[in-house]
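> Below: one structure in C-alpha cells.
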Amino acid sequence: MKKFLYIFLTYFVGSNALANQPKDWQLGFQEAASSTMRDIVNFHDKILLPIIIAISVFVLFLMVYACIRFRASRNPNPSTTTHNVAVEVLWTLIPCLILIVMAVPSFKILYKQDTIPKADVTVKAIGYQWYWGYEYPDENIIFDSYMIEDKDLKENQPRLLTVDNEVFVPVNKVIKVMITANDVLHAWALPSFGVKRDAVPGRINETWFKAERTGTFYGQCSELCGIKHAFMPITVNVVTEEEYEKWLEDAKIKFAKEEINKNKKIVKKFN
Ligand SMILES: [Cu+2]
C-alpha cells in the first residue's frame with residue numbers, strides 16, 4: 001500500500017518538476033517560476049487544500065453517521081425538532097471564520113500582484129480574434145504571434161502552444177505587462193508566473209512577473225473569446241540578459257514599428 005502511494009505521489013508530483021507546460025494526466029499546478037506563483041502554490045497546498053479536505057471529510061462523516069445512526073429500522077420514531085439556536089449560530093460562524101482565515105493570505109497575494117515594482121522591461125499584449133499582438137513600447141518593437149499548426153510543428157514543439165513569434169524577456173528582471181484587446185474579451189495567462197489578467201477592449205490592465213529561471217514558458221488565452229479561443233497560445237522565452245540584448249537587436253530591425261506601420265499604409269493604399 002505504501003509503495004503504491006509512493007508511486008502515485010512521485011508520478012504526479014515528480015513528473016511535474018520544472019515543467020513549463022501542461023503535462024498529460026497532470027494534477028496540480030505547473031512548477032512555479034516566479035515568487036508570486038510560489039506564493040499561490042503555497043497558499044493552495046498549505047492552506048486551501050487542508051481546509052477543503054477537512055471540510056469534505058467532516059461532511060462525509062456527518063452524512064454516513066446520519067445514514068447509519070438514524071436509519072428507519074434503528075430509529076423508527078424520528079425527532080420532530082426543527083430549530084437549535086446553538087447549532088445554527090455555530091454553522092454560520094465557523095464558515096465565516098474559515099473564510100476570514102483564507103482571505104488574509106489571499107488578499108496579501110492579490111495586493112502583491114497588483115503592486116508593480118519599477119519595471120525593467122515593459123511588454124504590451126493585445127488580444128485579437130484569434131492571436132496575440134505584442135509591443136515593446138520602449139524599444140519600438142511590434143509583432144504578431146500566431147499559433148503554429150499541427151502539420152508545421154517541429155520536434156519538441158508542444159501542440160496548440162507553439163507560436164511563430166515568441167515573446168523574449170530577460171531572467172530575474174521585473175517585466176511589466178500591459179494587457180488589452182482589440183475586439184472582444186481575452187485573457188493573458190501564464191501559469192508558471194502566476195499571471196492571469198483579462199484583456200479588455202478600450203482599457204489597459206497591468207500586471208508583472210519576475211521569472212526566476214530561463215526556459216520556454218507556455219500559456220493560453222483564458223477568457224472564452226470565440227471559435228478559435230483554444231488556438232491563441234502564449235509563448236514566453238525567458239533568456240539571459242545577453243541573449244535578450246541580442247534578440248532585441250534583431251527584433252528592432254525585424255519588427256520595427258515605423259516600418260511595419262508604413263507597410264500597412266502601403267497595403268491599404270493598394271487595396
Ligand atoms: Cu482569446
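Since every read-out is calculated from the coordinates, none of them should be taken as a lab result. What you are looking at is a predicted structure, and each value in this text was computed from that prediction instead of being measured. Using ideal geometry, Cβ is built from the backbone for each residue, glycine included, and neighbour counts are taken over all protein chains shown.
> Can you give the FRET efficiency to the nearest 0.05 for residue 116 and residue 23, using r as the Cβ-Cβ distance and R₀ = 35 Å?
Numbers: r = 31 Å, r/R0 = 0.88.
Step by step, r from the Cβ atoms, then E = 0.70.
> Listing 58, 168 from the residue with the fewest other Cβ atoms within 10 Å to the one with the most, what is the order?
Ordered by Cβ neighbours within 10 Å, fewest first: 58, 168.
> Determine the calculated [θ] at 222 nm for the chain from helices alone, applying -39500 (n - 2.57) to every DSSP H run no shorter than 4 residues and normalising by the residue count; nearest 500 deg cm²/dmol.
Details: 6 runs with 95 residues, N = 271.
Result for the chain, helices only: -11500 deg cm²/dmol.
> Once you list every other residue whose beta carbon is under 15 Å from the beta carbon of residue 77, what net charge do they have if Lys and Arg are +1 and Asp and Glu are -1?
+3
> Just to confirm a number: summing +1 for Lys and Arg and -1 for Asp and Glu over residues other than residue 38 whose beta-carbon lies under 10 angstrom from that of residue 38, what do you get? Please report the intermediate quantities before stating the final value.
Numbers: positive: none; negative: 31, 39, 212.
Charge balance near residue 38 sits at -3.
> Using the 10 angstrom Cβ neighbour count as an exposure proxy, how do 244, 65, 218 rank, fewest first?
65, 244, 218
> Separate question: Normalised by the residues of region 123-196, what does the relative contact order come to in percent, with Cα pairs under 8 Å and at least six apart? Mind dumping the intermediate values first?
Values: 103 pairs, mean separation 26.3, N = 74.
Over region 123-196, the number comes to 35 percent.
> Which trypsin sites (Lys or Arg not before Pro) in region 52-128 sit in a loop by DSSP (not H, G, I, E or B) and have at most 15 other Cβ atoms within 10 Å of their own Cβ? Don't skip to the answer; put the middle values down first.
Details: sites: 69, 71, 74, 108, 112, 118, 124; in loops: 71, 74, 118.
Within region 52-128, the qualifying trypsin sites (Lys or Arg not before Pro) (loop, at most 15 other Cβ atoms within 10 Å) are 71, 74, 118.
> If you take the charge dipole of the chain about its Cα centre, with +1 on Lys and Arg Cβ and -1 on Asp and Glu Cβ, which of 40, 238, 157 is farthest toward its positive end?
40
> For residue 68 and residue 144 in one chain, what is 0.36 nm times their gap in residues minus the Cα-Cα distance, to one decimal in nm? Spell out each step's value before the answer.
Values: separation 76, 0.36 × 76 = 27.36 nm, distance 6.28 nm.
Fully extending the segment from residue 68 to residue 144 adds 21.1 nm.
> Cut-off is 10 Å between beta-carbons; in what order do 151, 257 appear when sorted fewest neighbours first?
Result, fewest neighbours first: 151, 257.
> Using only alpha-carbon positions, what ratio does the radius of gyration of region 44-108 give when scaled by 2.2 N^0.38 Å? Walk me through the intermediate numbers first.
Details: Rg = 16.4 Å, N = 65, 2.2 N^0.38 = 10.7 Å.
This ratio for region 44-108 stands at 1.53.
> Residues with beta-carbon under 10 Å from that of residue 177, excluding residue 177: net charge, scoring Lys, Arg +1 and Asp, Glu -1?
Working: positive: 124, 176, 197; negative: 206.
Here the count lands on +2.
> Would you mind computing the Rg to Rh ratio of the chain from its alpha-carbon coordinates, Kirkwood style for Rh? It would help to have the intermediate numbers written out before the result.
Numbers: Rg = 25.0 Å, Rh = 22.2 Å.
When Rh is taken as the Kirkwood radius, the ratio is 1.13.
> How much length is gained on full extension from residue 83 to residue 182, taking 0.36 nm per residue of separation minus their Cα-Cα distance? Spell out each step's value before the answer.
Numbers: separation 99, 0.36 × 99 = 35.64 nm, distance 5.60 nm.
Between residue 83 and residue 182, full extension yields 30.0 nm more.
> Rank-order 209-217, 188-196 by packing density, defined as the average count of other C-beta atoms within 10 Å over each peptide's residues, highest first.
Details: 209-217: 19.4, 188-196: 23.8.
Averaged packing, sorted descending, gives the order 188-196, 209-217.
> Can you give the charge dipole size of the chain about its Cα centre, rounded to the nearest 20 debye, using +1 on the beta carbon of Lys and Arg and -1 on the beta carbon of Asp and Glu? Don't skip to the end; give the middle numbers.
On the way: 32 positive and 30 negative charges, 192 e Å.
Roughly 920 debye, rounded to the nearest 20.
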